[in-house]
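Only one structure is covered here, and it is reproduced in the block below.
The values are calculated or read from the model by the stated rules, or taken from the named source; none is laboratory data. Worth saying up front: this structure is predicted, and the values here are computed from it rather than measured. Cβ sites come from the backbone with ideal geometry, for glycine too, and all protein chains shown count toward neighbours.
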Amino acid sequence: MSLRELTIHEAHRLLRQGEISSVELTQALLDRILAVDNEVKAYLCLMPESALEEAQQADAAIAAARREGRLQELHPLTGIPLAIKDIICVQGVPTTCGSRILEEFIPPFEATAVEKLWAARAVLLGKTNCDEFAMGSSTENSAYFATRNPWDLTRVPGGSSGGSAAAVAADECLGALGSDTGGSVRQPASLCGVVGLKPTYGRVSRYGLVAFASSLDQIGVLAKDVADAALLLGAIAGYDWRDSTSVDVPVPDYVAALDGEVRGLRVGVPREYFIEGMQPAVERAVRAAIEHLAGLGAEIVEVSLPHTEYALPVYYLIAPAEASANLARYDGVKYGYRVADAVDLDDATRRTRQLGFGAEVKRRIMLGTYALSAGYYDAYYLRAQRVRTLIKRDFDEAFARVEVIACPTSPTTAFRLGEKVDDPLQMYLSDVFTLSMNLAGICGISIPCGFDEEGLPVGLQIMGPAFGEEAVLRAAYAYERSTEWHKRRPPL
Amino acid sequence: MQYEPIIGMEVHAELLTASKMFCGCDAHIFGAPPNTHVCPVCLGLPGVLPVINRKAVEYTLMAGLALHCQIAEFSVFARKNYTYPDLPKGYQISQYELPLCRDGWLDVEVDGQSRRIGITRAHLEEDTAKLFHAGGYSLVDFNRAGVPLLEIVSEPDIRSPEEARQYLIRLQQILRYLGVSSADMEKGAMRCEANVSLRPVGSTALGTKVEVKNLNSFRSVKLALEYEIERQARVLEAGGTVEQVTMGWDEVHNRTVVQRSKEYADDYRYFPEPDLPPLEISREWVAEIRSRLPELPEAKRARFIADYGLDAQQAEVLVQERAVADYFEEAVAAYGGAARAVAPWISGELFRLLRAQGLEMAEVPVPAKALADLLILIDEGKITSGTGKQVLAQMFASGRSAAEIVEAEGLAQVSDAATLEAAVRKVLAAYPDEVAKYREGKSQIIGWLMGQVMRETKGKANPQLVRELLERQLRQC
């Protein structure tokens, strides 16, 4: 097996045993990126020199740990080459959010999640492409270029963390950070055939994650298998005083939850998640996966999440409303893009935003501004918040009966580039199975569970209650280790 | 027709917290070079998050309690959306529904009459940056961005410009007593806006209100309101209607000018700040804060009258500043005599000396104990009251004690009969005409003669003894 195909836990074992070095591993990934990223276009910004320096330092740390007999204490991410979605701030490294308006923005501070990766001595290969400000489901809304799906270069990788998902799928990194506001980690994971985990709201600090919709955003991880997702989550989770919405709940040992045991685990299947119009191959694969879990001893329970049909409209009121405020700061005054030939302040602000933002971002700013306007607030924003409470209550009731809920991640497999760009509603529907979880603030994972007739991956979504990551990981791991889907590689 | 003005006030006071409202930056920004008290959070860089300053909440609760407000058990921050380069995030974190404090009141007194002004709400928000407009370009100083601001909104209960001024003076006094704000209007630490409308006397309907901004001093507040009331009255008298506009007070030309008309009314699109969870204010915390509140001017004034036998005006002068009131009480305690005797020394001599040097009470170079010692010297007859004033001036200038000064300068009162008799004799010999007048029955001339003796003794003579000696000698001859 080539180095680039290693999982994080495999690479960690080899690093610890001294069979490989982080520099070799990092170089193998940089070579891979050079070989395939012209086609995949996962990375917006590549940092080969600093990556190799970090790898050298990691090797020195591993050597020191070996000398001092502390190899057991070595962090599982030490020397592991990772990628970070370009919406998460890395100090001194351009952070564009896939937008023109932040073309030249270099954060003078570190996101908390990134700080934790540095503390683990991970290696950062580069920043990955995404839909502008994470608004999109195909990564086609990036102001720079579209990322392609490694399984079929004529198709989208999903989005908005499409760059991170594609990089993991194409062996261009061992794992990656993404962000998930309405499915932006899970949906691209599903479309790229990798594992994508969206933690509970408040589990991972949002400090340094450029805000799209503050009450929905959460940093998540993309990985080659469930064990790696558990490792990555364990590294970045935890309370952070800099994020008042992070929650002071102890971080469990997620890897310890991976015992492969699901006997007696009650798995809910929501009838509202098998809808007309979903791709038959997706339904088939997901139903088979649920049967597979039953075969492993899980107890399958039909549950109902009756307000599911309102999730999409509720999401498209709340998320744009928050975005309209979050994106108000981009006026070209202090950083980022600014028109050169403005005649006055109004002109500068107006045209900077006109030229700096893409169509989808502008659409959402307008939607959100409207939903918050005097005379409309009660009918739109406030009502949406009330329905959000009902959606959350649906989950509370379901999770009183079951430990986890299994359903499809996305109604379709990867669609063709350009197929939905002119039809925002069709694009929005791509997240119809993932949005509710963000509205409810709960956690979930997408894992590979099959392929359609054209060889495109299908994702199984396993959702858990708030801070129920261990149950989700346990179920996902039990499924994964008794199946082979995650071992397939795209024909690149 | 007679019109009655209906006035409501909106006051913003910068809080004296060590750090800013939502970040760790030093909040003491006055005089600092531009953009030196800034960080990613108060600059609103992409990806940063606010963290609530607990002290700012505490200060707001203190102010709320002092203003007899209801303290919320559950309070929410909100985003107030508008675009301006002095607002780094494109929204201000403020409070809208569920402010920290609601439904309080403040009593003000005008011409001896007390009136109760309702407080609608007191809430917490962040200050904006400061813009400097140069020719053809503008500069932004973000030092002020994120400094905690307490906003206090009154009910439209105020009925005259003087009442408005008194309201602000009382409010400033309270904020300073609490130590939560310097409330210095000249430095912009306290800023106010007024809403004013007129209605015919006897009517209960409300007229169209005009908002007046840029009121940077108590004087401006009074002048601007007087001007605006007159202007509105003229409009109404002429059969016109007052338009709902925002006016600014033009200090140079002493007039209000239209800043914005109603068509541009803002829609701030308030919504709950998703980056900050709602605040739960425990009753224990409120009780604890209440127990720590200092005695406020109103209560102090009443106590000074009751306990020290001061008259209302004396008490008023002494409680205006907490430092003065504390000084007074300390001096009274050290003195041990009648408090009424202490008061004029502070409000008269000491204030005059402070004013002359441009000093604040907090900087007074004469400790309260030292003033008390001076008064004791006078009571004991060691020096005259007149000499006492000279001695106080020297204490003020040198920091020496009264006793030291009296000793060194030989200012002790002369009560030695022989010395004084000689002086009296000398004066009587020098002014035979006046002596004759006295004997003809113009007895009041004795005062003038006393003055001459005092002059002869450089003011040190015991006045009572001098009078006795004069009277005796005038009778003898």
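Considering only region A:1-49, state which residues are in contact with a Leu (Cβ under 8 Å, 6 or more places away or on another chain) and either basic (K, R) or modelled with pLDDT under 95 (or both).
Scanning region A:1-49 gives A:R4, A:R16.
Look at A:I84 and say whether it is of a type outside the set (K, R), in a strand (DSSP E or B) and under 26 Å from the mean Cα position of the chain (by Cα). Break it down into steps so the answer makes sense when it comes.
Numbers: of a type outside the set (K, R): yes; in a strand (DSSP E or B): yes; under 26 Å from the mean Cα position of the chain (by Cα): yes.
The answer is yes for A:I84.
If we scan region A:409-425, do we find a residue that is assigned to a helix (DSSP H, G or I), surrounded by 22 or more Cβ atoms within 10 Å (Cβ to Cβ) and at negative phi?
Within region A:409-425, none of the residues are assigned to a helix (DSSP H, G or I), surrounded by 22 or more Cβ atoms within 10 Å (Cβ to Cβ) and at negative phi.
Just to be sure before I move on: is B:V108 within 14 Å of chain A (Cβ to nearest Cβ) and crowded, with 20+ Cβ neighbours inside 10 Å in the structure I sent? Reasoning before the result, please.
Working: within 14 Å of chain A (Cβ to nearest Cβ): no; crowded, with 20+ Cβ neighbours inside 10 Å: yes.
No; evaluated as a whole, the condition is false for this residue.
For B:T204, which of the numbered conditions (1) surrounded by 15 or more Cβ atoms within 10 Å (Cβ to Cβ); (2) away from chain A (no Cβ under 14 Å); (3) farther than 27 Å from B:R170 by Cα fails to hold?
For B:T204, the exception is condition (1).
Go through (1) more than 14 Å from every other protein chain (Cβ to nearest Cβ); (2) surrounded by 18 or more Cβ atoms within 10 Å (Cβ to Cβ); (3) out of contact with any strand residue (DSSP E or B) (no Cβ under 6 Å at 6 or more places or on another chain); (4) not small (G, A, S) and name the single condition A:R242 misses.
Of the numbered conditions (1) more than 14 Å from every other protein chain (Cβ to nearest Cβ); (2) surrounded by 18 or more Cβ atoms within 10 Å (Cβ to Cβ); (3) out of contact with any strand residue (DSSP E or B) (no Cβ under 6 Å at 6 or more places or on another chain); (4) not small (G, A, S), the odd one out for A:R242 is (1).
Does A:D341 count as of a type in the set (D, E), more than 21 Å from A:D423 (Cα to Cα) and within 13 Å of another protein chain (Cβ to nearest Cβ)? Lay out the reasoning, then the answer.
Values: of a type in the set (D, E): yes; more than 21 Å from A:D423 (Cα to Cα): yes; within 13 Å of another protein chain (Cβ to nearest Cβ): no.
The answer is no for A:D341.
Is there a residue being touching a residue at least 12 places away in the same chain (Cβ under 8 Å) and more than 14 Å from every other protein chain (Cβ to nearest Cβ) anywhere in region A:212-221?
yes
Can you pull out every residue in region A:327-367 that is at pLDDT below 95, surrounded by 20 or more Cβ atoms within 10 Å (Cβ to Cβ) and among the β-branched types (V, I, T)?
Once the filter is applied, which keeps residues that are at pLDDT below 95, surrounded by 20 or more Cβ atoms within 10 Å (Cβ to Cβ) and among the β-branched types (V, I, T), region A:327-367 yields only A:T349.
Hey, does region A:162-182 have a residue that's in contact (Cβ under 8 Å) with a residue 24 or more places away in the chain, surrounded by 24 or more Cβ atoms within 10 Å (Cβ to Cβ), farther than 21 Å from A:L25 by Cβ and more than 13 Å from the chain's Cα centre (by Cα)?
no
Taking region B:1-52, which residues are in a strand (DSSP E or B) and within 14 Å of chain A (Cβ to nearest Cβ)?
Correct list: B:S19 only.
Of everything in region B:82-103, what is under 28 Å from A:D347 (Cβ atoms) and outside any strand (DSSP E or B)? Give them in sequence order.
Correct list: B:Y82, B:T83, B:Y84, B:P85, B:D86, B:L87, B:P88, B:K89, B:G90.
Determine which single condition B:R79 fails, assuming it passes every other condition in (1) at the interface with chain A (Cβ under 7 Å from one of its Cβ atoms); (2) touching a Ser or Thr at 6+ places or on another chain (Cβ under 8 Å); (3) outside any strand (DSSP E or B).
(3)
So which of A:L77, A:L52, A:L102 is in contact with a strand residue (DSSP E or B) (Cβ under 9 Å, 6 or more places away or on another chain) and within 29 Å of A:S410 (Cβ to Cβ)? Full working, then the answer.
Details: A:L52 fails: within 29 Å of A:S410 (Cβ to Cβ); A:L102 fails: in contact with a strand residue (DSSP E or B) (Cβ under 9 Å, 6 or more places away or on another chain).
That would be A:L77, the only listed residue that is in contact with a strand residue (DSSP E or B) (Cβ under 9 Å, 6 or more places away or on another chain) and within 29 Å of A:S410 (Cβ to Cβ).
List pairs: first residue in region A:83-95 and more than 8 Å from chain B (Cβ to nearest Cβ) and free of Cβ contacts under 8 Å to residues at least 40 places away in the same chain, second residue surrounded by fewer than 24 Cβ atoms within 10 Å (Cβ to Cβ) and not hydroxyl-bearing (S, T, Y) anywhere in the structure, Cβ distance under 6 angstrom, at least six positions apart or on different chains.
Cβ pairs passing all conditions: A:Q91/A:F109; A:Q91/A:E110.
Can you tell me which of A:V204, A:V247 is within 14 Å of another protein chain (Cβ to nearest Cβ), surrounded by fewer than 24 Cβ atoms within 10 Å (Cβ to Cβ) and of a type in the set (A, V, I, L, M, F, W, C)?
Matching residue, one of A:V204, A:V247: A:V247.
If only one of B:L106, B:L124 is more than 27 Å from B:V324 (Cβ to Cβ) and part of a strand (DSSP E or B), which one is it?
On the way: B:L106 fails: more than 27 Å from B:V324 (Cβ to Cβ).
One residue alone meets the criteria, B:L124.
Residue check, A:Y144 against (1) within 14 Å of another protein chain (Cβ to nearest Cβ); (2) surrounded by fewer than 24 Cβ atoms within 10 Å (Cβ to Cβ), all met but one. Which one?
Here A:Y144 clears every test but (1).
Do any residues in region B:298-321 that are free of Cβ contacts under 8 Å to residues at least 40 places away in the same chain have Cβ atoms under 8 Å from those of residues that are in a loop (DSSP other than H, G, I, E, B), where the two are at least six apart or on different chains, and which pairs are they?
Close Cβ pairs (under 8 Å, with a partner that is in a loop (DSSP other than H, G, I, E, B)) amount to B:R303/B:E295; B:F304/B:L310; B:I305/B:D311; B:G309/B:A338; B:L318/B:L310.
Can you confirm whether B:Y177 is part of a helix (DSSP H, G or I), touching a helix residue (DSSP H, G or I) at 6+ places or on another chain (Cβ under 8 Å), modelled with pLDDT of 95 or more and hydroxyl-bearing (S, T, Y)?
Working: part of a helix (DSSP H, G or I): yes; touching a helix residue (DSSP H, G or I) at 6+ places or on another chain (Cβ under 8 Å): yes; modelled with pLDDT of 95 or more: yes; hydroxyl-bearing (S, T, Y): yes.
Taking the combined requirement at face value, the residue satisfies it.
Could you say which residue among B:R260, B:R301 is modelled with pLDDT under 95, away from chain A (no Cβ under 14 Å) and assigned to a helix (DSSP H, G or I)?
Matching residue, one of B:R260, B:R301: B:R301.
Take region B:263-291 and flag every residue that is in a helix (DSSP H, G or I) and either touching a residue at least 60 places away in the same chain (Cβ under 8 Å) or closer than 30 Å to A:S205 by Cα (or both).
B:R283, B:W285, B:V286, B:I289, B:R290
Go through (1) within 24 Å of A:L429 (Cα to Cα); (2) touching a Lys or Arg at 6+ places or on another chain (Cβ under 7 Å) and name the single condition A:S205 misses.
The single condition A:S205 does not satisfy is (1).
Here is a yes/no grid of residues against (1) within 46 Å of the chain's Cα centre (by Cα); (2) buried (at least 18 other Cβ atoms within 10 Å of the Cβ); (3) not assigned by TED's automatic domain parsing to the domain that holds B:F351:
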| site | (1), (2), (3) |
| --- | --- |
| B:A393 | yes, no, no |
| B:G399 | yes, no, no |
| B:V427 | no, yes, yes |
| B:V453 | yes, yes, yes |
| B:K460 | yes, yes, yes |
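Could you please find all residues in region B:380-391 being of a type in the set (D, E, K, R), surrounded by 14 or more Cβ atoms within 10 Å (Cβ to Cβ) and under 15 Å from B:A341 (Cα atoms)?
If the condition is that a residue be of a type in the set (D, E, K, R), surrounded by 14 or more Cβ atoms within 10 Å (Cβ to Cβ) and under 15 Å from B:A341 (Cα atoms), then B:K389 is the only one that fits.
Please enumerate the residues belonging to region A:173-201 that are small (G, A, S) and within 14 Å of another protein chain (Cβ to nearest Cβ). Please lay out each step first, then the result.
Filtering region A:173-201 for residues small (G, A, S) gives A:175-176, A:178-179, A:182-184, A:189-190, A:193, A:196.
A:S179 - this is the single residue of region A:173-201 that is small (G, A, S) and within 14 Å of another protein chain (Cβ to nearest Cβ).
B:E125 passes all but one of (1) away from chain A (no Cβ under 14 Å); (2) in contact with a strand residue (DSSP E or B) (Cβ under 7 Å, 6 or more places away or on another chain); (3) over 14 Å from B:H12 (Cβ atoms); (4) touching a residue at least 24 places away in the same chain (Cβ under 8 Å); which number fails?
Result: B:E125 passes all but (3).
Looking at region A:231-248 only, could you name the residues that are under 18 Å from A:L82 (Cα atoms) and either under 14 Å from the mean Cα position of the chain (by Cα) or in a loop (DSSP other than H, G, I, E, B) (or both)?
A:L232, A:L233, A:I236
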